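Take a look at the structure below.
The values are calculated or read from the model by the stated rules, or taken from the named source; none is laboratory data. Remember, predicted model here, so these are calculated numbers, not experimental data. Every residue, glycine as well, gets a Cβ built from its backbone with ideal geometry; the counts of neighbours run over all protein chains shown.
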Amino acid sequence: MADIVLFHSVLGVRPGVHDAADRFRSDGHEVVVVDQYDGRVFDDYAEASAFAEAIGYPDLMRLAAEAVRNVPDGFIAAGFSNGGGMAEYVATQRRVSGVLMLSGALDLAMLGTDTWPAGVAAQIHYAVDDPFRNQAWIDAVADQVRAAGGPVEIFDYPGAGHLFTDSSLKSEFDEQSSELLWSRVLAFCGTPSM
């Protein structure tokens, strides 16, 4: 089983993050949930984004790197929304076995690099009409993964829910898409590549 480091969305460690960690654990994985907000959670994306911007993305990246300092090499970096970018970032700083970008993928140039770790597999999951989806960023990181010899899978889901796996977000949650995502994510965690 895998060690998984899970980064929260811009909204913080909401119930959906705890549910995700429980889902991984019930499949036999060890999970570290990183809280970059010291317990703050949000219901509003604009308010949450302002909070994240006040911290500053360089500091959030530093906190992400610090959070994995004591995790053994070969873990899977996973994250929702902004946490997807944090998962990408730590993959460029540490030896990981895979990266899961859940409703969040950034061009590596936004993280200060253009080099994906050699051979590391990735999955990218998004709702088709997610208002925060940026196809150019998805395409860029997918190309960067492939250029480094890593396999990448991109999965699209119907609807417009940004955090569609979080059942506490009633206007976004999609049970069918969530179950499909989890079947794919858990399969990935059973067979990540180095």
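In the set (1) crowded, with 18+ Cβ neighbours inside 10 Å; (2) of a type outside the set (D, E, K, R); (3) touching an Asp or Glu at 6+ places or on another chain (Cβ under 9 Å); (4) closer than 24 Å to PRO58 by Cα, the condition left unmet by LEU100 is number (3).
Take the conditions β-branched (Val, Ile, Thr), over 23 Å from GLU30 (Cβ atoms) and out of contact with any strand residue (DSSP E or B) (no Cβ under 9 Å at 6 or more places or on another chain) and apply them to THR113. Does it pass? Yes, satisfied. Here the condition is being assigned to a helix (DSSP H, G or I), under 15 Å from the mean Cα position of the chain (by Cα) and more than 23 Å from SER49 (Cα to Cα); of ALA142, ALA122, ALA187, it holds for ALA142 alone.
Taking the stretch 8-38 as the range and being touching a strand residue (DSSP E or B) at 6+ places or on another chain (Cβ under 8 Å), more than 21 Å from PRO131 (Cα to Cα) and assigned to a loop (DSSP other than H, G, I, E, B) as the test, the residues that pass are HIS29, ASP35, GLN36, TYR37. For the stretch 59-83, name all the residues that are loosely packed, with under 13 Cβ neighbours inside 10 Å and not in a helix (DSSP H, G or I). Listed by number, the residues that qualify are ARG69, ASN70, PRO72, ASP73. One residue alone among TYR45, TYR57 is modelled with pLDDT under 95 and among the hydroxyl-bearing types (Ser, Thr, Tyr), and that residue is TYR57.
Residue count for the stretch 27-42 satisfying the condition of being within 14 Å of the chain's Cα centre (by Cα) and either buried (at least 19 other Cβ atoms within 10 Å of the Cβ) or among the aliphatic types (A, V, I, L, M) (or both): 5. Of all residue pairs spaced 6 or more apart or on separate chains, those with beta-carbon atoms under 6 Å, a first member in the stretch 114-141 that is modelled with pLDDT under 95 and a second member that is aliphatic (A, V, I, L, M) and in a helix (DSSP H, G or I) are ASP114/LEU108. Condition check for SER183 on (1) small (Gly, Ala, Ser); (2) within 26 Å of PHE75 (Cα to Cα); (3) surrounded by 13 or more Cβ atoms within 10 Å (Cβ to Cβ): one failure, at (3).
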